[in-house]
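Each remark here refers to the structure printed beneath this line.
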Amino acid sequence: MKISLANIVRKTTAGILTASICLAFASCKESEAKKTIPADYGSYGADIARELASQYPNRSAYSAEEASAGSYICDKMKELGYEPEVQTFTGSSGQTSQNYIVKIEGTGFYVEDANGNYNLEKRIAIIGAHYDDAMIYVPEAVEGEGEEGEETSETEGPAYSYDGISDNASGIGCLMTALAQAKDYSEMGYDVYYVAFGASSDNYAGAYAFYESLTDEERSEIEVMYCIESIYAGDKVYASAGYNSLISGKKYAMRRKLYQTYDVCYANTLYTNYKFDIYYNESGIKTDLDGDGVIDIYNEVSANRSDYVVFDEAGIPVVFFDSYDYNFTSLEEMKDTKNLNLQEFGGQIKGTPADSTELLDSVIRKEDTDTDEDGIPDKSGDVLQIRINAIAFVMLETLNKGSDSGMTPKAYKEYLANPTESTVITPAATEETTLPSAQVAEG
């Protein structure tokens, strides 16, 4: 049998072409699959969190390292193409700190007035996280003997270094991730204000300064404030409303965005892809949470305070993200984690030396594994990256669904074209109007 060179060339070319087509098809399918995975933002936010913690571990309020950390954040905002507003304020001690603010204008919403007319109005959403840290734990003195039997009082420090990776470098990583992804939400109705707060440990001085700088008009247009703090070290990620939702008759109005947050998390494949979920605090403890003399049920709110307090006090709906473990029968028992490898300070991480990248990464961070054996490593190893990306995704997607009181210009145009088939968004009148569709998870 004779085999010509032409046939060899022909067959070789055909084989290469077939292989190329297969590779291209596989690449296309892989690219398509990647695009459909929600919150697939890579390590951008986690890298920022770890870099912020390692470079500026002692960034207490008004310190030189806090100032340097603020400049670092400012530079990162500029790298994304924004020119942040630098807001300098004076704290209780007379010292100064800075907030870093990026305001991205949205399309607005058409809102129906009392006469049935629709007017284009602004609505504002705030996404905030503080960048200072504050280790408040003081180790107990350990009695020992010095030279020649002399008694001494010493302190034994841990073998790892505190750097505030969870409180609150993790929150800043999430804030920056959301800001980096904002470009993909060009038809966002809300004006979104991204704020890195300084001097949070000084009674939320940065958050107060920011709120006080807003005009009366801006304050009236704020529909929700998202606050992100300490999302790495705790056993689970929770979303909570503010204490203003405990006021009789205001529960649903003040928790509407919270419920939408659960809905977005539940409706997407975050658990399938990342084993990520957002939990309710459903402890059910009965106590006077807000000090008004009325017994409250400890559901869907948090005793952990952060910069959201400023907006909560102003009557603005808030959604507070933190990682913690609320699954206890009393407030006194609650702590960040039940992880047996993180019990040196009774399971408390925030405010203790255990808030350390070195320690937390060694205990929590794992290698990605191919658990479903599809040839692609699952994104399950880096809990910090997963939580940062998933929370950023949930916030942006919730806001992208629109306002509870109006329609985006695009939706309004569709409504005008077909008013009988379009749905007009109107505010819910009562708490019984709807319930969150997300499954209630044990808190």
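Screening the candidates E143, E148 for the property of being of a type outside the set (K, R), assigned to a helix (DSSP H, G or I) and at pLDDT below 95 yields one hit, E148.
Residues that are out of contact with any Asp or Glu (no Cβ under 8 Å at 6 or more places or on another chain), buried (at least 20 other Cβ atoms within 10 Å of the Cβ) and of a type in the set (G, A, S) within the stretch 284-324 are absent altogether.
Residues in the stretch 75-108 that are out of contact with any helix residue (DSSP H, G or I) (no Cβ under 8 Å at 6 or more places or on another chain) and surrounded by 18 or more Cβ atoms within 10 Å (Cβ to Cβ): G106 alone.
Among the criteria (1) in contact (Cβ under 8 Å) with a residue 24 or more places away in the chain; (2) out of contact with any strand residue (DSSP E or B) (no Cβ under 9 Å at 6 or more places or on another chain), the one N115 does not fulfil is (1). Only one of the numbered conditions (1) within 19 Å of the chain's Cα centre (by Cα); (2) under 28 Å from I285 (Cβ atoms) is not met by R365, and that is (2). Within the stretch 158-170, the set of residues being crowded, with 24+ Cβ neighbours inside 10 Å and not in a helix (DSSP H, G or I) comprises D163, G164. For K338, the stated conditions do not hold, so it cannot be described as on the phi > 0 side of the Ramachandran plot and either touching a residue at least 24 places away in the same chain (Cβ under 8 Å) or of a type in the set (V, I, T) (or both).
The values are calculated or read from the model by the stated rules, or taken from the named source; none is laboratory data. All figures in this text were calculated on a predicted structure; none of them were measured in a lab. Don't worry about glycine lacking a Cβ; one is built from the backbone with ideal geometry, like all the others, and counts go over all protein chains shown.
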